[in-house]
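Visitor: Quick one: this structure, given as structure tokens, is what I'll be asking you about.
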Amino acid sequence: MHLNLKNPLLFFDLETTGLVVSSDRIVEISALKVMPNGDEEVKTRRLNPTIPISPEATAIHHITNEDVADCPTFKDVAKSLAHWIEGCDIAGFNAIKFDIPILAEEFLRAGVNVDFRRRKIVDVQNIFHKMEQRTLIAAYKFYCNKELSNAHSAEADTYATYEVLKSQLDRYSDLKNDISFLSDFSSINRNVDYAGRFVFNDLDEPVVNFGKHKGKKLVEVLKEEPSYYRWMMDGDFSLDTKRILTELRLSM
């Protein structure tokens, strides 16, 4: 199945120091750019996260602190990476919940402006879960009839995600070979921030998506409980979430 693309489609996968979007860092990134004519270009790079890699993370991706000690930091490559992915739509496996939020945090820390909200985002995991309810290893076996022998290597996972999406299009006649359709189909919520702390309701109003105020309009929460803003700004929330919250508060 040749993907029907209007823009280049960037498949990417991250290996990180842990699973906390607001504080963990990238130790390896692999990105596969698929052009509308079918040409492919892949870039894979390990990075010095500047913080220790958790033992739990190393147990999964097998990258140690020593492996990345002499690697460039994300800030060193941020501008060139932003330039390379400019104009691309985005695809990944669990990208909406994890990979995009943590990549966005790294760009913010580096002072490089990359707005993924302007891109079409295809989350192959969400398509898979809506259709079959499995993991990437099982998806690769199910759709491609191949064993993912090097799972949790960023490049292997990136290529597997690309192959799974093409196989999903071959298998399901009701999936359109169109990035706008796949982006809409693979989304779960319409997130206001990358981490999904706030989501849009049916009227396109930001709504709190966690905690005691879940389901309430964010504007109403800020009016009724002014201390809520300071609580979030002082809390362990992502830089992007805090930026969105501040922009909304200023607009009030």
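The values are calculated or read from the model by the stated rules, or taken from the named source; none is laboratory data. Owing to the predicted nature of the structure, the values given are computational and were not obtained by experimental measurement. Here the Cβ positions follow ideal geometry from the backbone for every residue, glycine too, while neighbour counts run over all protein chains shown.
Visitor: Being of a type in the set (D, E, K, R), modelled with pLDDT of 95 or more, touching a helix residue (DSSP H, G or I) at 6+ places or on another chain (Cβ under 7 Å) and under 30 Å from residue 63 (Cβ atoms), is that true of even one residue in the range 118-141?
Guide: Yes: the range 118-141 contains one or more residues that are of a type in the set (D, E, K, R), modelled with pLDDT of 95 or more, touching a helix residue (DSSP H, G or I) at 6+ places or on another chain (Cβ under 7 Å) and under 30 Å from residue 63 (Cβ atoms).
Visitor: Let me confirm something: among 130, 120, 141, 146, which residue is in contact (Cβ under 8 Å) with a residue 60 or more places away in the chain and either among the charged types (D, E, K, R) or buried (at least 19 other Cβ atoms within 10 Å of the Cβ) (or both)? Step through it out loud before you land on a result.
Guide: On the way: 130 fails: in contact (Cβ under 8 Å) with a residue 60 or more places away in the chain; 141 fails: in contact (Cβ under 8 Å) with a residue 60 or more places away in the chain; 146 fails: in contact (Cβ under 8 Å) with a residue 60 or more places away in the chain.
Exactly one residue qualifies, and that residue is 120.
Visitor: Name the residue that is surrounded by the fewest Cβ atoms within 10 Å (Cβ to Cβ), counting only residues in the range 35-65 that are part of a loop (DSSP other than H, G, I, E, B) and touching a Lys or Arg at 6+ places or on another chain (Cβ under 6 Å).
Guide: 51
Each row is one residue, and each column tells you yes or no for (1) closer than 25 Å to residue 23 by Cα; (2) small (Gly, Ala, Ser).
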residue: 183; (1), (2): no, yes
residue: 188; (1), (2): yes, no
residue: 192; (1), (2): yes, no
residue: 222; (1), (2): no, no
residue: 229; (1), (2): yes, no
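Visitor: Before we move on, is residue 82 small (Gly, Ala, Ser) and under 16 Å from the mean Cα position of the chain (by Cα)?
Guide: Taking the combined requirement at face value, the residue satisfies it.
Visitor: Which residues, counting only those in the range 195-220, are closer than 25 Å to residue 116 by Cβ and surrounded by 15 or more Cβ atoms within 10 Å (Cβ to Cβ)?
Guide: Hits for the range 195-220 are 195, 196, 197, 198, 199, 206, 207, 208, 209, 217, 218, 219.
Visitor: Continuing with the same structure: Is it true that residue 174 is out of contact with any Cys (no Cβ under 8 Å at 6 or more places or on another chain) and surrounded by fewer than 16 Cβ atoms within 10 Å (Cβ to Cβ)?
Guide: Here the answer is yes, as residue 174 does meet what is asked.
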